[in-house]
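For reference, the structure discussed in these notes is given below.
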Amino acid sequence: MVFHDSFDFGRDMQVITDILRSRNGQLGAEFMDAQSVPLYLSNSDLVFSNEFERPRFGQGAFHVCLRAMWHELTHGARLDHTRFGKPFGVQYEYATRVLSELARNVGGGKAQRVYAVGDNPAADIAGANAAGWTSVLVRTGVFKGTNDAKHPAAIVVDHVGEAVERIIDVESQYAE
């Protein structure tokens, strides 16, 4: 299982490929000609934003490199893996169930609209759109443009505070 961004791509790639190729996933065991254990990966963000002024490689970049390395090491074999995290549906399905249950318990109805606020079109916005949620793209991190062509958001704003204001404005129209 890989849950966090790599701090040392080379070392982490070596250890993971050694485990995947070792009999029963035990380091030091004989190498197999095929993948010996399942691989679970989280957070497929290719890039993320932090204090540096430009986006940095995220765990998704590590996934790409790991799959390429596996392909070369195994003479073209596909790396069998399961990815979790945005934009994959399991998180959105779970959140939708929880929100619907909360809405029933609090107001007796179901959640009418769900908003997702994020700065990464390929992860945050793609996942929200696929789930049928209203996507709100903020220009505070990875994204800096007007809207993303591949994964366009329903609403685009400069910062999270503005996102909240826009959501309140939209919801107040439904209340009238």
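The values are calculated or read from the model by the stated rules, or taken from the named source; none is laboratory data. The structure displayed is predicted, hence computed values, not measured ones. Quick reminder, even Gly has a Cβ in these numbers, built from the backbone with ideal geometry, and neighbours come from all protein chains shown. Accessible surface areas use protein heavy atoms only, side chains included; no ligands, DNA or RNA. Shrake-Rupley method; radii C 1.70, N 1.55, O 1.52, S 1.80 Å.
Of all the listed residues (GLU93, GLU51), the sole one being over 30 Å from ARG23 (Cα atoms), at pLDDT 85 or above and charged (D, E, K, R) is GLU93. The residues in segment 74-130 that are open to solvent by 60 Å² or more (accessible area, probe 1.4 Å), in contact (Cβ under 8 Å) with a residue 24 or more places away in the chain and farther than 24 Å from ASN43 by Cα can be counted, and the count is 2.
Look at segment 47-66 and say how many of its residues are assigned to a helix (DSSP H, G or I) and surrounded by fewer than 18 Cβ atoms within 10 Å (Cβ to Cβ). Here the count works out to 2. Condition test on ASP169, is it surrounded by fewer than 11 Cβ atoms within 10 Å (Cβ to Cβ), acidic (Asp, Glu) and either farther than 30 Å from ASP18 by Cβ or out of contact with any strand residue (DSSP E or B) (no Cβ under 9 Å at 6 or more places or on another chain) (or both)? Spelling it out, ASP169 is indeed surrounded by fewer than 11 Cβ atoms within 10 Å (Cβ to Cβ), acidic (Asp, Glu) and either farther than 30 Å from ASP18 by Cβ or out of contact with any strand residue (DSSP E or B) (no Cβ under 9 Å at 6 or more places or on another chain) (or both). Considered as a group, the residues in segment 1-33 that are in a loop (DSSP other than H, G, I, E, B) and either open to solvent by less than 60 Å² (accessible area, probe 1.4 Å) or of a type in the set (Asp, Glu) (or both) include one that is nearest to GLY141 (Cα to Cα), and that residue is ASP5. When restricted to residues that are in a loop (DSSP other than H, G, I, E, B), open to solvent by less than 40 Å² (accessible area, probe 1.4 Å) and not β-branched (Val, Ile, Thr), segment 37-46 contains 3. Return yes when VAL164 is over 30 Å from ALA68 (Cα atoms) and open to solvent by 70 Å² or more (accessible area, probe 1.4 Å) and no when it is not. Criteria met by VAL164.
Yes or no, residue by residue, for (1) part of a helix (DSSP H, G or I); (2) out of contact with any Ser or Thr (no Cβ under 7 Å at 6 or more places or on another chain):
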| position | (1), (2) |
| --- | --- |
| MET69 | yes, no |
| LEU79 | no, yes |
| SER100 | yes, yes |
| ALA103 | yes, yes |
| GLN112 | no, yes |
| VAL117 | no, yes |
| ALA123 | yes, no |
| GLY127 | yes, yes |
| PHE143 | no, yes |
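Every condition in (1) more than 25 Å from GLU165 (Cβ to Cβ); (2) over 14 Å from the mean Cα position of the chain (by Cα) is met by VAL90 except one, and the failing one is (2).
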